[in-house]
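Student: Would you mind keeping the following structure in view while I ask a few things?
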Amino acid sequence: MLEKLEGRFLVTFLTVVGEGSFSRAADKLGYVQSTVTSQIQMLEQICGNKLFHRLSRGVKPTDAGEKLAVYARQFVQLGQMLEEDLGSLERPRGPVRVRALESFCVTRLSGFLNPFFAEYPEVTLLLETGFQGDIVDQVASHEIDFGIVPKDPEREDILFEPLVEENLVLVCSNELASRIRSEDWSGLTGVQVIGFGSRCVYHNDGLRILAELGLPASAPQAEFPSTEMIRSMVACGLGIAFVPEITMEKELATGTVVSIPLPKPVRMNHGLIWHRDRVLGTPAKVFREKLLEYITSPPNKTLELSDRDPV
């Protein structure tokens, strides 16, 4: 099979997987649609399996297509790495694909990016935000070089390198804190639990802790898409949130919000993850090296979060 495979077939295949459509893949690659169809048919002949289900609107990979996608990504990545490494004998250049929690991007990565790009202007960082489950899945399927997650996924196929330990806090406005001090948790009404929603590790752990404290399971939940919105909603008294302490550092220091005492400290160890079998190219290697260097000894540990926009 290997001697019949062509890299351009695999690039076309992965583009169809990503776009979910032969026509959109053709537009993205600059081909006519018949070229895409022909290459996929030839690839199906080589593999001896149907690779896509044809749907009313687009296509979806078959089981064989899903399996091929994992190996195709590695195959294409190795080709890209060869090109990058040959072209970066003097200076690293090329893309690094990273996905992290939005709150980590805002509080930890924003100060790292300027000096990194100043030192490596030809490295392109393709940074997306997501949740632990999504990030682990993308690392496992070789869709990204690195993930940054709050918990070790504890999988044999994924390496976890600790970066920084985060202290988690329950925070709310002063007015709501006064209610909590004067009333029993079980009697609190109208208190919303604020967070990113059920896909977020912080939010789910916060719900568990609040249940242990006695907040009724029927308490309403408010879901917001960004750290900045969560901070604003907590500060204006909308509800209570369970977040990394660094997220609310300025508000806690100025007394805009307060933290509610917990039965015991809660900490999470954020770490860098990548697939055990992934061969890291030069841009990925320098990203990992410089990120570890920055996290362990940042030039300025005082973060003015209000002056930054989310990455």
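Student: On full extension of the chain, what length is gained from S198 through L262, given 0.36 nm per residue of separation minus the C-alpha to C-alpha distance?
Tutor: Here the segment from S198 to L262 would lengthen by 20.9 nm.
Student: Taking a ≥ b ≥ c as the square roots of the Cα gyration tensor eigenvalues, with a/c under 1.5 meaning rounded and otherwise prolate when a/b beats b/c, else oblate, which class fits region 166-267?
Tutor: rounded
Student: Please order K250, K60 by the number of other Cβ within 10 Å, starting at the fewest.
Tutor: So the residues, fewest neighbours to most, are K60, K250.
Student: Using the count of nearby Cβ atoms within 10 Å as a rough guide to exposure, how do T35, T15 rank from fewest to most?
Tutor: Least to most surrounded, the residues fall as T35, T15.
Student: Among V16, L215, W274, pick out the residue whose Cα is farthest towards the positive end of the charge dipole of the chain, where Lys and Arg carry +1 and Asp and Glu carry -1 on C-beta, about the Cα centre.
Tutor: Going by the Cα projections, it comes out as V16.
Student: Can you pull a Stokes-Einstein diffusion coefficient for region 2-84 at 37 °C (0.692 mPa s), Rh from Kirkwood over Cα pairs, as a whole number of µm²/s?
Tutor: 256
Student: Taking the chain, how many lysine pairs are there with alpha carbons less than 26 Å apart, if each pair must be eight or more places apart or span two chains?
Tutor: So the count of such lysine pairs works out to 19.
Student: Then there is this: State, to one decimal in nm², a quarter of the convex hull surface area for the C-alpha atoms of the chain, i.e. the direction-averaged projected area.
Tutor: 19.4
Student: Also, quick follow-up: Counting other C-beta atoms within 10 Å, which of C47, C172 has the fewest, and how do the rest follow?
Tutor: C47, C172
Bear in mind that the values in this text are calculations on the coordinates, not laboratory data. Computed from a prediction, not measured in an experiment: that's the story for all the values here. Ideal geometry is used to build each Cβ from the backbone, glycine not excepted, and the neighbour counts take in all protein chains shown.
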